[in-house]
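*Asks:* One structure follows; several queries about it will come next.
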Ligand code: UT7
């Protein structure tokens, strides 16, 4: 665009949330049900945390990746774009499928996002906001156009079901947003990330990594489960949530009174209320849905965002704050000027078309696996000429499926 002095100024870019989606397992577990397996009560859980029920992935086929992929599909649907448009998939998770490969890569395969890079982000419950911050930076730097940020968990698989201090708190689920480059001012205005590794032992899964590799002793000692000093995390959280919110608003040049809604990490209603009262924010400006989901770690903020939208709590131009804290210790906040229309009719034929592309993604994945097997078995047969030629053809075909540099 030419300015008055004839010099071409680059168009300003903004990172907007254009799609959102959530996914939950089928099984709802109410407090009363937990009271039958550990020494707790509905009354204790409600009054100390605000939680009434949570979703648990009891079906072994439901995993962090399947929940993440479902939430990602819903977000792509809402943004009305195919998975092939994605430049990057960031999956924030505290319960990844494996140490590696990343859960994000498994989701990339499920979605058939053939042009996308993919990686996991480990910042515990702050991870989703860390992901939004990174996606925004990549978009503003002109490196990427479209990024999918997912928070996905199956914490029920790493919780000690005999530890009443933790097992009543957590739930499974996933939430996702699509961020896209736009020329319209607004979107993600500012972000703030923080960490304090000196508090690492307050909330941790001690074993299974390189510091304490899996052994008979670690398994027998329950070292692969979540361990938490609840009171210390509580004190840290109530301090840092208010501070992070203030700081991110200052970066965006927004006053507390201008906020329309805060969507905090859904860990404990007492933490949320105490933090928001420090800011002088009235209850009606704070979104809480932890009574239905428990603490879903990285998924809690995107699930709450989706639900706030479903309940008509967000309108174009609203000033929204997302703020979280978690293991690490970490904390993160972002201030957003909401711009996306919260209601969009996607024609039925397009929904059908999308669903067909996911069927094709499954076929593509199977074919790639099969071709790799064929190639492997041919190469192991003493490398005769015809098998070399065939494997070269397969490699060429596979290279042609990769995006251009
Ligand atoms: O995403 C970040 C994840 N972590 C958090 O956000 C955790 C932050 N912390 C908290 O939310 C709270 O500290 C908890 C909800 C974990 C605990 O609440 P609290 O008010 O700090 O309770 P407490 O740990 O001080 O325990 C009070 C009592 C203890 O009994 P005694 O020692 O007073 O006899 C506990 O043994 O409550 C007992 N208790 C329970 N009783 C019934 C602890 N858990 C339970 C339970 N049911 N599930």
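*Asks:* Report yes if residue 104 is modelled with pLDDT of 95 or more and either closer than 21 Å to residue 174 by Cα or out of contact with any helix residue (DSSP H, G or I) (no Cβ under 6 Å at 6 or more places or on another chain) (or both), otherwise no.
*Replies:* Working: modelled with pLDDT of 95 or more: yes; either closer than 21 Å to residue 174 by Cα or out of contact with any helix residue (DSSP H, G or I) (no Cβ under 6 Å at 6 or more places or on another chain) (or both): yes.
Spelling it out, residue 104 is indeed modelled with pLDDT of 95 or more and either closer than 21 Å to residue 174 by Cα or out of contact with any helix residue (DSSP H, G or I) (no Cβ under 6 Å at 6 or more places or on another chain) (or both).
*Asks:* Tell me which residues, restricted to the range 36-73, are assigned to a helix (DSSP H, G or I), away from the ligand (no atom under 16 Å from the Cβ) and closer than 15 Å to residue 293 by Cα.
*Replies:* 67
*Asks:* Ok, one more. Can you name every residue in the range 194-207 that is more than 16 Å from the ligand (Cβ to nearest atom) and buried (at least 17 other Cβ atoms within 10 Å of the Cβ)?
*Replies:* The answer is 207, and nothing else.
*Asks:* Checking the structure you have, find out if any residue of the range 286-301 is surrounded by fewer than 24 Cβ atoms within 10 Å (Cβ to Cβ) and over 26 Å from residue 25 (Cβ atoms).
*Replies:* Yes.
*Asks:* Check off (1) part of a helix (DSSP H, G or I); (2) within 30 Å of residue 159 (Cα to Cα) for residue 350 and give me the number that stays unchecked.
*Replies:* The failed condition is (2).
*Asks:* Among the candidates 35, 30, 57, single out the residue that is surrounded by 23 or more Cβ atoms within 10 Å (Cβ to Cβ) and either on the phi < 0 side of the Ramachandran plot or touching a strand residue (DSSP E or B) at 6+ places or on another chain (Cβ under 6 Å) (or both).
*Replies:* Only one candidate passes the filter, namely 57.
*Asks:* Any residue at all in the range 296-305 that's farther than 22 Å from residue 168 by Cα and touching a helix residue (DSSP H, G or I) at 6+ places or on another chain (Cβ under 8 Å)?
*Replies:* no
*Asks:* Before we move on, is residue 346 touching a helix residue (DSSP H, G or I) at 6+ places or on another chain (Cβ under 8 Å) and within 16 Å of the ligand (Cβ to nearest atom)?
*Replies:* No, not satisfied.
*Asks:* Let me ask something else about it. Mind listing whichever residues of the range 19-35 are away from the ligand (no atom under 16 Å from the Cβ) and either at pLDDT below 95 or not in a strand (DSSP E or B) (or both)? Walk me through it before giving the result.
*Replies:* First, pick out the residues of the range 19-35 that are away from the ligand (no atom under 16 Å from the Cβ): 19-28.
Those that are away from the ligand (no atom under 16 Å from the Cβ) and either at pLDDT below 95 or not in a strand (DSSP E or B) (or both): 24, 25, 26.
The values are calculated or read from the model by the stated rules, or taken from the named source; none is laboratory data. Remember, predicted model here, so these are calculated numbers, not experimental data. Positions of Cβ are generated from backbone atoms using ideal geometry, with glycine treated the same way; all protein chains shown enter the neighbour counts.
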